[in-house]
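Presented below is the structure to which this report refers.
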Amino acid sequence: MFSKLPTPTLDPILSLSVAYRNDPRPEKVDLGIGVYKNSEGETPIMQAILKAQDIVVETQKTKSYVGLAGCEEFNQSMVDLLLKGTSAMDRVAAIQTPGASGALRMLGDLMKVAQPNTTVWISNPSYVNHRPVMEAAGLNVKHYSYFSPKTKQVDTARMLADLSHAGPDDVVLLHGCCHNPTGADIDFESWKVITELAQKNGFTPFVDIAYQGFGDGLEEDAKGLRYMADNVDEMLITTSCSKNFGLYRERTGAAIVVGKSVEDVTNARGKLLTLARATYTMPPDHGAALVKTILQDQALTAIWKQELSEMQQRLLNLRQTLCQELRNSHDTSQFDFIESHKGMFTVLGFSQDQMLQLREQYGIYGVGDGRINIAGLTERDIPYVAEAIVKVA
Ligand code: LMR
């Protein structure tokens, strides 16, 4: 049977990590996968996580099963972080999932059961895993205009014009903050307009918020999502602790549904649990146990918030320093847009060939779609990376 299989295509992000690891050049720089690095180029375990880990080791007395929905206190904490203060708090349900990709798949499967002919509209461009996951769930996928290659900002007029054609069988997938891959976020005004379109035309918003805290801060980053949740009947949300708790390998995320009534969300959650049972049964516990421990303890929460805010601040500084280097040492303001982008990523506007050139000639690994991970830079790399960008441009 295996001889009938086509040659597999490599994931454009994960395959880069392997290529980077095998590159013997000492000057190489990994700006591929979305992982935060400190000024030493390391991804340390956050202090809050280390402290929570000690508590969990001390207090956890069993490794017996937790349950299909994972840790309920964790689920409630995720709902609180995203939706506290909104009217959606009375009509929401969540399950813990293996990362946000697991959450995307569970919600994709849920849509396929609830509304089999759903078309999911994703931004052009979008996170490279959005289309594969939605298609794997058997859903149709369509693009809406999002990014202007010319201004390197959101093309709001074209985005809204496209979304005005989305109807009751459609789901519109939005990035809650820190758009992946472009770094260009929709403004609050656009969140309001998209909310009105959803109300008027009947599509369901789906917000993937995997980078809460990396843009303008924990609360600010959830502002658009909260407005929307307050004003629509139904909504789907995926979230992740990979980035803001640095729990990448622990696969810790959540799938959240907001519905018209408690009965609706109870049914949606029940279906999610049977889908999870048929897919992975239960999510891994460790990451969620750590996050729960932090968020249930005021002192640990304060430490975590401080660390997250330092990471966010460092990203802003890296963006500024890179732009300054490009301006001061290379006399170009062509890349000033980098400073206006949010979160880990920026799209440089380079072609596949230019990204290959960056990789082959300079050992600088960015994604083929032109995305670089600002969080992968160290202050030390900046002069080298700036020079390579100018040479390749
Ligand atoms: C990324 O976009 O680099 C991350 O979200 C990692 C992943 O799973 O693709």
Taking Asn75, is it assigned to a helix (DSSP H, G or I) and either among the polar types (S, T, N, Q) or in contact with a Gly (Cβ under 9 Å, 6 or more places away or on another chain) (or both)?
-> yes
Going by the conditions given, is Gln212 among the polar types (S, T, N, Q) and either touching a Leu at 6+ places or on another chain (Cβ under 8 Å) or not assigned by the TED database to the domain that holds Ala157 (or both)?
-> yes
Ser240: passes all of (1) out of contact with any Asp or Glu (no Cβ under 9 Å at 6 or more places or on another chain); (2) crowded, with 24+ Cβ neighbours inside 10 Å; (3) over 20 Å from Asn124 (Cβ atoms); (4) of a type outside the set (Asp, Glu) but (1)
What do you reckon, is Gly99 surrounded by 15 or more Cβ atoms within 10 Å (Cβ to Cβ), assigned by the TED database to the domain that holds Asp170, on the phi > 0 side of the Ramachandran plot and within 16 Å of the ligand (Cβ to nearest atom)?
-> yes
Please work out if Leu322 is aliphatic (A, V, I, L, M), part of a helix (DSSP H, G or I) and surrounded by fewer than 21 Cβ atoms within 10 Å (Cβ to Cβ).
-> no
Working carefully through the options Asp185, Asp208, find the one that is touching a Cys at 6+ places or on another chain (Cβ under 7 Å) and either in contact (Cβ under 8 Å) with a residue 24 or more places away in the chain or among the polar types (S, T, N, Q) (or both).
-> Asp185
Matching residues in the range 13-27 (in contact (Cβ under 8 Å) with a residue 24 or more places away in the chain and either surrounded by fewer than 18 Cβ atoms within 10 Å (Cβ to Cβ) or near the ligand (Cβ under 10 Å from one of its atoms) (or both)) number 6
Residue pairs within 7 Å by beta carbon, gap of at least six or interchain, first lying in the range 121-138 and within 14 Å of Ala210 (Cβ to Cβ) and within 16 Å of the ligand (Cβ to nearest atom), second assigned to a loop (DSSP other than H, G, I, E, B) and among the aliphatic types (A, V, I, L, M), listed first then second, are Val128/Ile13
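The values are calculated or read from the model by the stated rules, or taken from the named source; none is laboratory data. Note that the coordinates shown come from a computational prediction; the quantities given were computed from them, not determined experimentally. When we count neighbours, we look across all protein chains shown, and the Cβ atoms used for this are built from the backbone with ideal geometry, even at glycine.
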